[in-house]
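Okay, structure first, notes after.
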Amino acid sequence: LRGIPPAAGTVGLHNLGNTCYMNSILQCINHIKPITRYFLKGEYVKEVNKNNPLGSGGRIVTAYASFLSDVWTGEYSILAPRLLKQTVSCFAPQFNNNYQHDSQEFCQYLMDGLHEDLNRVRDKPYVEHAEVPHGMDDATAAMESWRRHLLRHDSIFVDHTQGMHRSHLTCPSCGKESIKFDVYSSISLPLVPAKNRPSIPLKDCLDQFA
C-alpha cells in the first residue's frame, strides 16, 4: 500500500495468513541499525557467498535486501513481505504454509540463512569443539573459543548478533568439571514479575537469565 510512513522505516506488514510470527521478527531485525545500514548502503553485495553449501546461493539475502529497500523508500505505509516468505520457504519447507509458527524458530532460521549467505569464510576448515583446558582463565578461554568460531563463521551477523555464554558442568559422581564457551545468536529470557510497574526493564530479565 503506497503512502508516507509516520517515520522512516516504520512500515506496517500485511499478514499472509498467520504470519505474525514472521512479521514481528522482520520488524525486530529491521531495527538493528548497523545491519540495516549495511544493506541500505549496498555493502552486502560484495560479500554475498553464492558457493556456500550451507547457504541459499544468495537468494535469501537478495530477497531480504529487496524487502529492506522497500521498507526504507518512504513510499509505502504497508508492505506484504511475500517474496521473502516464498524464498525462505524454498529452503525451509516448514514455513511453506499459512499456519502459525514459533517466532524464535523463524528468527533463528532467517538469521542463520542470512549469515551463511554473507559468510566471509569461503573455505571452512575443520575445527574441533574443545573443552577449556584445566587451569586456563575465563578471559583467555573465551578469546580462544571466539577465535576458533571465527575460523568458520564471519559475517555482519556474527559482528552484531552473536555472543558466547559460559557453560560449567560438574559430574556428581566423579567431580570432573567441563567448561565450554558456546556461541548463541538468541536467548530465551524469563519474564520477571512486574511488581505494579508499567513495564519490565530488560536488565531485570537479563539478570534473571544469568
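The values are calculated or read from the model by the stated rules, or taken from the named source; none is laboratory data. Quick caveat: nothing in here was measured; it's all calculated off a predicted structure. Please note: Cβ atoms are built from the backbone with ideal geometry, for glycine as well, and neighbour counts cover all protein chains shown. Note: areas computed on protein heavy atoms with side chains; ligands, DNA, RNA excluded. Shrake-Rupley method; radii C 1.70, N 1.55, O 1.52, S 1.80 Å.
Sorting the segments 175-185, 38-48 by their mean number of nearby beta carbons within 10 angstrom, highest to lowest, gives 38-48, 175-185.
Straight-line reach from residue 41: taking Cα to Cα under 15 Å and skipping same-chain neighbours fewer than 8 places apart, the aspartates and glutamates in range are 70. Within the accessible area of the chain, what % is carbon and sulfur when the probe is 1.4 Å and the other protein chains stay in place? After summing per-atom areas, the C and S share lands at 54 percent.
Could you point to the label whose value was computed as semi-axes √(5λ) of the Cα gyration tensor in Å for the structure here, given [x] 34, 24, 16; [y] 28, 24, 16; [z] 47, 17, 15? The calculated read-out lines up with [x]. Accessible area per residue for region 54-210 is 60 Å², calculated with a 1.4 Å probe on protein heavy atoms, without ligands, DNA or RNA. Only helices reaching 20 angstrom along their own axis (Cα) with mean Kyte-Doolittle hydropathy no lower than -1.0 count here, and for the DSSP H runs of the chain these are 103-117. Summary of packing: across the peptides 58-69, 76-87, 97-108, the per-residue average of other C-beta atoms within 10 Å ranks them, highest first, as 58-69, 76-87, 97-108.
Taking a threshold of 24 Å on the Cα-Cα distance, which of the pairs 124/180; 33/195; 50/180 fall above it? Beyond 24 Å: 33/195; 50/180. Amide H contacts of residue 13 (H built 1.01 Å from N, in plane; Pro and chain starts excluded): 79 sit under 5 Å, all sequence-distant by 5 or more or on other chains.
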